Structures are given as C-alpha cells and as structure tokens.
Amino acid sequence: METNNGGYKDPKWSDLKESVNHPYHYTAGQYEVIDIIYDQLGINGIRGFCLGNAIKYICRAQKKSKDERQDLEKAVWYLNHYLEVLGEK
C-alpha cells in the first residue's frame, strides 16, 4: 500500500493516487485517454493539453472539490507528464 508520510499506510492516499494517476473513467477501455490524445495531437498538442489541464486543476482546487488535495495532485500529474513528453523531444 502506498504511503504519504513517514511510512504510515493510509488507504485513502492509495485511493487518491489511483484516482489521480489512472482514474477508472479514463482507463475503462482498451486504451487510456491520455494516450489517444497524444496519438491524435502529437507532441506539441499533448504539451498544450497538459499545461491547460494543470492550470485548470490549480484554479479550481479550492472551489470545486471538497478535497483540494486531489485537484492539486492532478495538476502535478499533468505537469509531470508534460516534463516526460518534453524529455522525448
């Protein structure tokens, strides 16, 4: 089980990580949606998509979600994905 601080195992953290990294509604089919977007838009398109989503999640973190941490984790995920794609250049 994943830990979020000092080895303490928190099942909520594991659920949060899964809902951020690979939410079911994006992975229910044969392909993950982010991979389809990358395939269709190419490297520049996916970079813009990732930055746009990071901005969206940062802006709404305290407004929409009861748990602002989840929105901020999603923003971090998109920024990290952007950096991974940037490394492919």
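Assorted remarks:
- For the peptides 68-78, 51-61, 33-43, the ranking by mean Cβ contacts within 10 Å, running from highest to lowest, is 68-78, 51-61, 33-43.
- Neighbours of HIS81, meaning other residues whose beta-carbon lies under 12 angstrom from its beta-carbon, give a summed charge of -2 when Lys and Arg score +1 and Asp and Glu score -1.
- Shape call, segment 47-89: gyration tensor on alpha carbons, a/c limit 1.5: prolate
- Environment charge of LYS64, counting only residues whose C-beta is closer than 15 Å and scoring Lys/Arg +1, Asp/Glu -1: +2
- A straight chain from ILE37 to ILE55 at 0.36 nm per residue would run longer than the Cα-Cα distance by 4.7 nm.
Only the coordinates and a few stated rules stand behind these numbers; no lab work does. All values reported here derive from a predicted model rather than from experimental measurement. We place every Cβ from the backbone using ideal geometry, glycine too, and count neighbours over all the protein chains shown.
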